[in-house]
Amino acid sequence: MRRQTDHPVTLELHTRLWLNTWRRRTGKEGLTLADLPDEALEEITSPPVDFIWLMGVWELSPASRAIARQLAHKSPEYRRVLPDLDPDRDVEGSPYAVSAYRVAADLGGPEALAALRRRLQARGVRCLLDFVPNHTACDHPWVREHPEYYVGLPAERPAPDVAQSFLVDTRRGMWRIAHGRDPHFPAWTDTAQLNIFHPATRSRLIATLHEIARQCDGVRCDMAMLLLNDVFGRTWWPWLDGRGMPETEFWPEAIFEIRRLWPDFLFLAEVYWDLEYRLQQLGFDYTYDKRFYDRVMTSTGEMIRAHLVADWDYQIRCLRFLENHDEARVASRLSPAQHRAAAVLLATVPGMRFWYQGQREGRRLRAPIQLVRWPEEEPNFVLATWYDMLLALQEHPALQQGWWRLLSPERLPGEDEAYRNVIAYRWDAGRQGRLLVTVNYQARRARLRLRVDVLGISGRTAKLRDRLSGKELIGPGSVWFETGVELNMEPYEANIWEIL
């Protein structure tokens, strides 16, 4: 049965890595997505999970595979992660150089995905898949059949950037087509850049979305901000040959077309550069919150708290994460105490709460997405127990559909400014339960006062019980309501107090 929650939990799985892990466990080399044992599904859904993002299910590009394997033979990055690397067995093409939106044969094809999706639905879990609208693989059929879909020019015409493009023999003759890129970084040399200003490109992308929507419950849209008209225009104006900007944005049109048939279909945007709110306004249900990630990794509690001051309508549509397939492993960046505190924030802030495969066990090595075998790492059982407690708490009514309020810690007389780095907020589901979250996000102690201004607490003895440590605080409810409870917090101490 599907959970009713305003703050869904999403788990990202690197599909080939996950399937290969179970092939080794079961000894079945031909195992497909349809054949996974119940134990595999129990492992990923027994904590409350609302969405599974199966990253990388589409047909991989042979050209991308060749590039990745050539790189693996030369680059130390792959062997640093996997010392016994066999490039011909352990390396595949990038999941983001898609050659066809068809479930890959080595995963079992479309029927295997459909069977897995039915099993997930029986557990109340929905399935997300990738949509990569900015580019395709260099050997996608469109490249030869419809070069006009891409940012490119006939070969006889001078190209603005030869170094970041490639020549291809198409049905319209020789063309030079640009590789896909983020304007702040070098091009992705296994990709071809789509021209989102071309009406036919837009139509084909929307048709592709229709094909995807028949197979899942939502899409994670790769680098969604690159399709904004002004962003695309600034990035590609030297190639556009005077072709004007469309009057409308792509995303509202695409989202409207899909939701005419699938009203509950979910759109998740990978987005950066402070464009999150703009994409929410264009129709996305959730957007990456990279600013939250950056502040948790590098900043203070005071800066994190300042980020959480944003309007509720914005926050509830943010996806919060500590790692994903693009970022370094959180266990490699933060100390154990800081990692636990960050995990408490992730598990209890508003919006979509996002976890990556291996995060719970404390994996420290980030594998390139072209690898289809992960290195062996000893699980961190202390951290896994911590995550298990946090995931179990996702069932609490207050964290599912409660009313949220950011609180303001106050300095006790004679104390220093350390109280400023304590993050505190309350979740209230009335008679179903109330929680008070306090996180001292700094490497020093903090003493502070915090008002517990909840209805019914005055005139009686009040109690706070930490759901993580079992610690209890007991005091006069009237004092806690009017002036506050006094807290003495250790460095990176994090509590999820039940208000009793």
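Structural remarks
- Local electrostatic count, ALA40, Cβ distance below 11 Å [Lys/Arg +1, Asp/Glu -1]: -2
- Global form of the range 402-499, assessed from the alpha-carbon gyration tensor, a/c cut-off 1.5: prolate
- Proximal charge balance of ARG117 [Cβ under 13 Å; K/R count +1, D/E count -1]: +3
- Taking the number of Cβ atoms within 10 Å of each Cβ as an exposure proxy, the fewest-first ranking of GLU111, GLU327, GLU247 is GLU247, GLU111, GLU327.
- Distance from the range 221-293 to the range 188-210 (C-alpha centre basis), Å: 13
- Label-point separation in nm, ILE474 to LEU365, each point 7 Å along Cα→Cβ: 5.1
- DSSP finds beta bridges in the chain, and of those with both partners inside it, around 65 percent are antiparallel.
- Electrostatic tally near LEU275: other residues with Cβ closer than 14 Å to its Cβ, Lys and Arg +1, Asp and Glu -1, net -2.
- Burial ordering of SER61, SER299, fewest other beta-carbon atoms within 10 Å first: SER299, SER61
- Here the Karplus relation 6.51 cos²θ - 1.76 cosθ + 1.60, evaluated at θ = phi - 60°, turns the backbone of the range 427-441 into coupling constants of 10, 10, 10, x, 5, 7, x, 9, 10, 10, 9, 10, 9, 8, 8 Hz, with x for every Gly and Pro.
- Degrees separating the helix 62-74 axis from the principal Cα axis of the chain, which is the longest one: 70
- Cα-based reach from LYS471 at 20 Å (exclusive), listing aspartates and glutamates while leaving out same-chain residues under 8 positions away: ASP388, GLU486, GLU490, GLU493, GLU498
- Compared with the dominant Cα axis of the chain, that is its longest principal axis, helix 336-348 is turned about 80°.
- The ranking of PHE185, PHE232 by Cβ neighbour count inside 10 Å, starting from the fewest, reads PHE185, PHE232.
- What separates the Cα centres of the range 66-89 and the range 302-367 is a distance of 29 Å.
- Taking amide hydrogens as placed 1.01 Å from N in the peptide plane, the amide H of THR287 sits under 5 Å from those of ALA269, CYS318, LEU319, each at least 5 positions away in sequence or on another chain.
- Trypsin sites (Lys or Arg not before Pro) within the range 244-329, DSSP loop, no more than 15 other Cβ atoms inside 10 Å: none
- Cα gyration tensor, the range 347-445 - rounded (a/c under 1.5), prolate or oblate: oblate
- Between 0 and 90 degrees, the angle of helix 109-122 with respect to the longest Cα principal axis of the chain falls at about 20 degrees.
Here, each number is a calculation from the coordinates, and none is a lab measurement. Since the structure is predicted, the reported quantities are computational estimates derived from the model, not experimental observations. All Cβ positions, even for glycine, are placed from backbone atoms using ideal geometry, and neighbour counts span all protein chains on display.
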